[in-house]
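The values are calculated or read from the model by the stated rules, or taken from the named source; none is laboratory data. Computed from a predicted structure; not experimentally measured. No Cβ is skipped: glycine too gets one built from the backbone with ideal geometry, and neighbour counts run over all protein chains shown.
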Amino acid sequence: MSAPDTPRPALALPALHASHAGSWIGSAEGVTRGVSKGEAVMAAADTPHLILNAPLVATRLGYPDLSGLDLLELFAFIHPARFCVPTPKGLAHALGLPEPEDGAQVPRLLQRAAAVLLAHCESDDWAEREGAWSVLHALGRLRWPWAPVLEPHVRQPQKAEKWLFSRLPEWEENPERPQPAQVTLGDAAILNQLENLTGADAERREGQRAYSREVGSIFAPRERREKPHVLLAQAGTGIGKTLGYLAPASLWSEQSGGTVWVSTYTKNLQRQLRGEATRAWPERRADGSRPVVVRKGRENYLCLLNLEDALQGGFGGRAAVLAQLVARWAAYSQDGDMIGGDLPGWLGTLFRSRAIRSLTDQRGECVYAGCPHYRKCFIERSARESAQADLVIANHALVMVNAARGRDHAQRPTRVIFDEGHHVFDAADSTFSAALTGQEVIELKRWILGPERGSKGRRRGLAARLADVASYDEAGGEAIEAACEAAQALPGEGWLQRLADGEPSGEIEAVLAAVRAATYARDESGAVDAGYGIETEAAGLEGDFVERAQAAAAALEAIRKPLIKLGLRLEAMLEEAPDWLDAQGRARIEGARFSLTWRIDTLAAWEALLLRLGGPGDPEFVDWLAVDRNDTREFDIGLHRHFLDPMKPFARVVLAPSHGVMLTSATLTGRNADGPDWPNAIARSGAEHIEVQPRLADAASPFDYAARAEVLIVTDVKKGDLAGLAGAYARIIEASGGGVLGLFTAIRRLRAVHGRIADRLAREGLPLYAQHVDPIDTGTLVDIFRDDPRASLLGTDALRDGVDVPGDSLRCVVLEQVPWPKPSILHRARRAANGGSAYDDQIIRGRLAQAFGRLIRSGTDSGHFIVLSSAFPSRLLSAFPQGVNVTRLTLDEALQRVAAGVSCESSTSNEDVID
């Protein structure tokens, strides 16, 4: 958005800004002065001030009850579904205003920004005007602070505005897409398509061309049933793998009429893929349909029925204001994706509320065709569009769930490219696991019986959702009644307190109480005193424990059996449909069958887990008991089961039915002393379990790592010395002038370091942000970090794997220590089955390679990778690209190198460094 041609006067309201560097207040007359935190708090409590990102300002002031006129809320009202980095600089850029040079200039910026936004409401080219007047008056009734300020600037429309649910378009049913034609892609055609996507004037990259030709192999006709073409392709950073695989994928889709699925692990890559795909496909086809669709799990999308309930009184206070702003967004959203889509990530945190999650489609809520908004549902639209799409962009978990539980074969992917393929193992581990915990069982009880008395929400039980079935089909009604009666034995509200008091109620709570007692009794980790969660292996359990487990299994079986019977009755009803069962009714019953199958499978897995306790161990599984805690507070208790090798079910469910699958990543193989570790990559692909020999490809990065990066291993920061660790981080950030990504293996150390150094750095003009400290979602933190080259960011695993910040904003990565695997029961079992310490080294090298990969994202990037560990083992140095220089040195020596920029002349190769 551009600033007006003639500068408008600033809004005559007081403004407040607070950072780690200080606090400033701007008067309504435009006079700004520095103030103490106490004076800032008193002023804000007395008079509403213009502020930006109230939760963050409240954190800086230490005043959690801060409120005022938040410019981000105003921006979300005026420009729903539009991006804005939630910082003074980001707001200035979004509005075409000069960015402030320091904190003292921010109050004046807020006053000017407010004036620009209000003036935009009066202009004829306000693209998001429709619906604004109605929402504004609803917000006025909720006493939204901006409502009286906005009211004079938003004119009443000549015609009454339609309600949101009337304005949203309806999706249409389409005939099933025919199976794809069998085609073979030639190398020349693939390279021609690649040139079309990259542009004829683009630099010719032989590595990308070779990679693209290899990808074409997965689209060849399959020769034998359950023997797909499998390609494992390592593609170094900068090779151009996205267009490298989109070229053959788009060519195959065009020639065959089939659908290609590209699966990612991070939302950031999904956004990138959506942009890159526009080179191969138009935004819309001639008939208005989308050739490229982003698919996510149901819990990512806005549920219109939940929103309607929230707008009609289901939410109160600030959450009700949030619901109105979400309604504004819903009218302009591309696809209704609330988690990582075009809803600003900061919107939910502004309201210090979990209400965003409660507006999504939580497990068990959907009534499918029974919903009055079914024909406009974002989720249903996405599912139908993906069935007709040429390219579906999804995530690993959704691809695996669809393959395992697909409601129809059109939704089962058969040509799949797993980008970020090094995460497929972890995604499979999560997807094919089982957890019988208190929270999971409560969720099942709510799905069957509905919410408990006194609780809010529209969720209905099984009997209410299928009342017409029960009245028509006697056997079906009896099955519903039997399931509801058996579900009374499941835990309800207050179960944690009952367990703590030693007064469990029912068979399930009894076994959970036994889990809790055994886990505390056996703990030797010291985690109890530290406040962390604890666990113990599910072995050597006493007879009483086993008896409780068997009783609990019987209670679960009493639920599962009538659910199976109900599923059979629903199937019979669909085969011999009564006269009153219309298309919407059939869709609702189909949805109920799908949900039933999911719950029946879950119950069966829980029963198997319980019945195995006390018996001989199954070598395919790892079982354990756990008490999940956060700062000494228990929040869940239960039993867990994971496959020792989760790629076994992955191979059976995902690989075997497919025709072509590729796993690709810059760090797919990991490295050992001899180079790429292909045996490890093959083992973690699952191909061995279906007796397929995968095709292997390795495209080396074109970047000159030796000239543009170096690894510094600092030897004089003592382990366990928090003051020394904090001091090291502060000095590195100062020497680098910001642009530092700090990665931690423990949240407590991250918080301690941030608390010690944030104010010091801010006074030098070096903002410091941190996961688990700042009230900002991770995606927005990365946006802020990317937008400011002087900012630094501290975080944990999510930042090690999912950050793409090319350019000057990231020029130094710092690890606080070697990222050792967590010594959990599951890791212990896998370590014993996969070579002991060699298995640990594979994991660590993979983590180091991923962390190093954050540093160099383009050919012009340069920087330092620093590990604050004197005991860094030399055998792990093969994690870094060949030729990268590695030096062991003191912190003072490292600071000199950082301040001077990358200089590798006096360093040694990572192949030559010794302890």
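Give W171, W144 a once-over and let me know the one that is assigned to a loop (DSSP other than H, G, I, E, B), within 33 Å of the chain's Cα centre (by Cα) and at pLDDT 95 or above. Quick ask: steps written out before the conclusion?
On the way: W171 fails: at pLDDT 95 or above.
Matching residue, one of W171, W144: W144.
Does segment 173-186 hold any residues that are surrounded by 15 or more Cβ atoms within 10 Å (Cβ to Cβ), of a type in the set (A, V, I, L, M) and in contact with a Ser or Thr (Cβ under 6 Å, 6 or more places away or on another chain), and which are they?
Kept after step one, since they are surrounded by 15 or more Cβ atoms within 10 Å (Cβ to Cβ), are these residues of segment 173-186: 180, 183, 185.
Checking which are of a type in the set (A, V, I, L, M) leaves us with 183, 185.
V183 - this is the single residue of segment 173-186 that is surrounded by 15 or more Cβ atoms within 10 Å (Cβ to Cβ), of a type in the set (A, V, I, L, M) and in contact with a Ser or Thr (Cβ under 6 Å, 6 or more places away or on another chain).
Search segment 632-682 for residues being of a type in the set (V, I, T) and not in a helix (DSSP H, G or I), and hand back the single one that is surrounded by the fewest Cβ atoms within 10 Å (Cβ to Cβ). Walk me through it before giving the result.
Here is the first cut: in segment 632-682, the ones of a type in the set (V, I, T) are 632, 637, 653-654, 661, 664, 667, 669, 682.
Imposing the further condition that a residue be not in a helix (DSSP H, G or I) reduces the set to 632, 637, 661, 664, 667, 669.
Values: T632: 10, I637: 27, V661: 28, T664: 27, T667: 25, T669: 24.
Among them, the one singled out is T632.
Across segment 511-566, what is the total count of residues that are more than 16 Å from A608 (Cα to Cα) and either outside the structural domain of I600 (by TED's automatic domain parsing) or not in a helix (DSSP H, G or I) (or both)?
Qualifying residue count for the region: 14.
Out of L793, L799, L826, which single residue is under 25 Å from Y532 (Cβ atoms) and part of a strand (DSSP E or B)?
L793
Do the conditions hold for V116, that is, is it assigned by TED's automatic domain parsing to the domain that holds N53, more than 19 Å from L56 (Cα to Cα), among the aliphatic types (A, V, I, L, M) and in contact (Cβ under 8 Å) with a residue 24 or more places away in the chain? Walk me through how you get there before you give the answer.
Working: assigned by TED's automatic domain parsing to the domain that holds N53: yes; more than 19 Å from L56 (Cα to Cα): yes; among the aliphatic types (A, V, I, L, M): yes; in contact (Cβ under 8 Å) with a residue 24 or more places away in the chain: yes.
Yes: the conditions hold for V116.
Anything in segment 812-823 that is closer than 18 Å to Q850 by Cβ, part of a loop (DSSP other than H, G, I, E, B) and of a type outside the set (D, E)? List them, or say none.
First pass over segment 812-823, keeping only residues closer than 18 Å to Q850 by Cβ: 812-822.
Those left that are additionally part of a loop (DSSP other than H, G, I, E, B): 816-822.
Selection gives Q817, V818, P819, W820, P821, K822.
Tell me which of these G720 doesn't satisfy, since it passes every other one: (1) assigned by TED's automatic domain parsing to the domain that holds D841; (2) modelled with pLDDT of 95 or more.
Among (1) assigned by TED's automatic domain parsing to the domain that holds D841; (2) modelled with pLDDT of 95 or more, G720 violates only (2).
Which is closer than 24 Å to H373 by Cα, crowded, with 22+ Cβ neighbours inside 10 Å and modelled with pLDDT under 95, of R328, R295? It would help to see each step written out before you state the result.
Details: R328 fails: modelled with pLDDT under 95.
Result: R295 is the single residue among R328, R295 that is closer than 24 Å to H373 by Cα, crowded, with 22+ Cβ neighbours inside 10 Å and modelled with pLDDT under 95.
From the residues in segment 234-267 that are over 23 Å from R412 (Cα atoms) and either of a type in the set (K, R) or in contact with an Asp or Glu (Cβ under 6 Å, 6 or more places away or on another chain) (or both), which one is surrounded by the most Cβ atoms within 10 Å (Cβ to Cβ)?
Taking segment 234-267 and keeping what is over 23 Å from R412 (Cα atoms), we get 234-241, 243-244.
If we keep only those that are either of a type in the set (K, R) or in contact with an Asp or Glu (Cβ under 6 Å, 6 or more places away or on another chain) (or both) as well, we get 234, 241.
Working: Q234: 27, K241: 24.
Per the stated criteria, the residue is Q234.
Among the listed residues G859, G836, which satisfies the condition of being over 23 Å from the mean Cα position of the chain (by Cα) and either aromatic (F, W, Y) or modelled with pLDDT of 90 or more (or both)? Steps first, please.
Values: G859 fails: either aromatic (F, W, Y) or modelled with pLDDT of 90 or more (or both).
Going through G859, G836 in turn, the sole match is G836.
Given the residues A838, A851, which is the only one that is of a type outside the set (D, E) and over 17 Å from T745 (Cβ atoms)? Steps first, answer last, please.
Numbers: A851 fails: over 17 Å from T745 (Cβ atoms).
Unique residue meeting the criteria: A838.
Among the residues of segment 187-221 satisfying the criterion of being assigned to a loop (DSSP other than H, G, I, E, B) and touching a residue at least 24 places away in the same chain (Cβ under 8 Å), which is surrounded by the most Cβ atoms within 10 Å (Cβ to Cβ)? Quick ask: steps written out before the conclusion?
First, the residues of segment 187-221 that are assigned to a loop (DSSP other than H, G, I, E, B): 199-205, 220-221.
This time we only want the ones that are touching a residue at least 24 places away in the same chain (Cβ under 8 Å), so: 205, 220-221.
Details: R205: 19, A220: 15, P221: 12.
Across segment 187-221, the extreme among qualifying residues is R205.
Restricting attention to segment 818-826, does a residue exist that is touching a residue at least 12 places away in the same chain (Cβ under 8 Å), under 29 Å from G345 (Cα atoms) and either within 23 Å of the chain's Cα centre (by Cα) or surrounded by fewer than 18 Cβ atoms within 10 Å (Cβ to Cβ) (or both)?
Narrowing segment 818-826 to residues touching a residue at least 12 places away in the same chain (Cβ under 8 Å): 818-821, 824-826.
Within this subset, residues satisfying the condition of being under 29 Å from G345 (Cα atoms) are 819.
Then drop every residue that is not either within 23 Å of the chain's Cα centre (by Cα) or surrounded by fewer than 18 Cβ atoms within 10 Å (Cβ to Cβ) (or both), which leaves 819.
The answer is yes, given that some residue of segment 818-826 is touching a residue at least 12 places away in the same chain (Cβ under 8 Å), under 29 Å from G345 (Cα atoms) and either within 23 Å of the chain's Cα centre (by Cα) or surrounded by fewer than 18 Cβ atoms within 10 Å (Cβ to Cβ) (or both).
Of all residues in segment 274-292 being surrounded by 21 or more Cβ atoms within 10 Å (Cβ to Cβ) and out of contact with any Phe, Trp or Tyr (no Cβ under 8 Å at 6 or more places or on another chain), which is farthest from L197 (Cα to Cα)?
So, considering only residues that are surrounded by 21 or more Cβ atoms within 10 Å (Cβ to Cβ) and out of contact with any Phe, Trp or Tyr (no Cβ under 8 Å at 6 or more places or on another chain), the one farthest from L197 (Cα to Cα) is R290.
Of the residues that sit in segment 864-900 and are at pLDDT 95 or above and in a loop (DSSP other than H, G, I, E, B), which one is surrounded by the most Cβ atoms within 10 Å (Cβ to Cβ)?
L868
Take A500 and tell me if it is surrounded by fewer than 19 Cβ atoms within 10 Å (Cβ to Cβ) and in contact (Cβ under 8 Å) with a residue 24 or more places away in the chain.
Details: surrounded by fewer than 19 Cβ atoms within 10 Å (Cβ to Cβ): yes; in contact (Cβ under 8 Å) with a residue 24 or more places away in the chain: yes.
Yes; evaluated as a whole, the condition is true for this residue.
Tally the residues that are part of a loop (DSSP other than H, G, I, E, B) and hydrophobic (A, V, I, L, M, F, W, C), restricting the search to segment 759-779.
First, the residues of segment 759-779 that are part of a loop (DSSP other than H, G, I, E, B): 764-767, 771-777.
Still in the running and hydrophobic (A, V, I, L, M, F, W, C): 766, 773, 776.
Residues that pass the stated criteria total 3.
T602 - would you say it is within 30 Å of G370 (Cα to Cα), surrounded by fewer than 21 Cβ atoms within 10 Å (Cβ to Cβ) and among the hydroxyl-bearing types (S, T, Y)? It would help to see each step written out before you state the result.
On the way: within 30 Å of G370 (Cα to Cα): yes; surrounded by fewer than 21 Cβ atoms within 10 Å (Cβ to Cβ): yes; among the hydroxyl-bearing types (S, T, Y): yes.
Yes.
For (1) touching a strand residue (DSSP E or B) at 6+ places or on another chain (Cβ under 6 Å); (2) more than 30 Å from S471 (Cα to Cα), each residue gets a yes or a no:
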position	(1), (2)
A521	no, yes
G533	yes, yes
F545	no, yes
A551	no, yes
L556	no, no
L563	no, no
A592	no, no
S595	no, no
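Output the number of residues of segment 532-580 satisfying the condition of being in contact with a Ser or Thr (Cβ under 9 Å, 6 or more places away or on another chain) and either surrounded by fewer than 17 Cβ atoms within 10 Å (Cβ to Cβ) or among the hydroxyl-bearing types (S, T, Y) (or both).
2
Answer yes if at least one residue in segment 701-722 is touching a strand residue (DSSP E or B) at 6+ places or on another chain (Cβ under 6 Å), assigned to a loop (DSSP other than H, G, I, E, B), surrounded by fewer than 22 Cβ atoms within 10 Å (Cβ to Cβ) and not hydrophobic (A, V, I, L, M, F, W, C), and no otherwise.
yes
Give the number of residues within segment 723-758 that are part of a loop (DSSP other than H, G, I, E, B), within 17 Å of V818 (Cβ to Cβ) and not hydrophobic (A, V, I, L, M, F, W, C). If you could, list the steps in order and put the result at the bottom.
Initial filter on segment 723-758 (part of a loop (DSSP other than H, G, I, E, B)): 737-739, 744-746.
Add one more test, that the residue is within 17 Å of V818 (Cβ to Cβ), and what stays is 744-746.
Applying the additional criterion that residues be not hydrophobic (A, V, I, L, M, F, W, C) yields 745.
Summing the residues that are part of a loop (DSSP other than H, G, I, E, B), within 17 Å of V818 (Cβ to Cβ) and not hydrophobic (A, V, I, L, M, F, W, C) in segment 723-758 gives 1.
Looking only at segment 344-365, decide whether some residue is in contact (Cβ under 8 Å) with a residue 12 or more places away in the chain, assigned to a helix (DSSP H, G or I) and of a type in the set (S, T, N, Q).
Checked against the condition, which is being in contact (Cβ under 8 Å) with a residue 12 or more places away in the chain, assigned to a helix (DSSP H, G or I) and of a type in the set (S, T, N, Q), segment 344-365 yields at least one hit.
Which of the helices (runs of 4 or more DSSP H) contained wholly in segment 53-103 include at least 1 residues that are touching a helix residue (DSSP H, G or I) at 6+ places or on another chain (Cβ under 7 Å) and more than 24 Å from A138 (Cβ to Cβ)?
On the way: elements: 54-61, 71-78, 88-95.
Because the criterion is at least 1 residues that are touching a helix residue (DSSP H, G or I) at 6+ places or on another chain (Cβ under 7 Å) and more than 24 Å from A138 (Cβ to Cβ), the helices (runs of 4 or more DSSP H) in segment 53-103 that meet it are 54-61, 88-95.
Please find, within segment 359-380, the residue that is nearest to L69 (Cα to Cα) out of those that are touching a Gly at 6+ places or on another chain (Cβ under 8 Å) and modelled with pLDDT of 80 or more.
Out of the qualifying residues, it is F378.
Whether any residue in segment 660-678 is farther than 18 Å from Q882 by Cβ and over 28 Å from the mean Cα position of the chain (by Cα) is what I want to check. Can you show your working first?
In the first step, residues of segment 660-678 are kept if they are farther than 18 Å from Q882 by Cβ; the result is 660-664.
Within this subset, residues satisfying the condition of being over 28 Å from the mean Cα position of the chain (by Cα) are none.
Within segment 660-678, not a single residue is farther than 18 Å from Q882 by Cβ and over 28 Å from the mean Cα position of the chain (by Cα).
Name, by its number, the condition in (1) under 22 Å from L696 (Cα atoms); (2) in contact with a Pro (Cβ under 6 Å, 6 or more places away or on another chain); (3) small (G, A, S) that does not hold for G240.
In the conditions (1) under 22 Å from L696 (Cα atoms); (2) in contact with a Pro (Cβ under 6 Å, 6 or more places away or on another chain); (3) small (G, A, S), G240 misses (2) alone.
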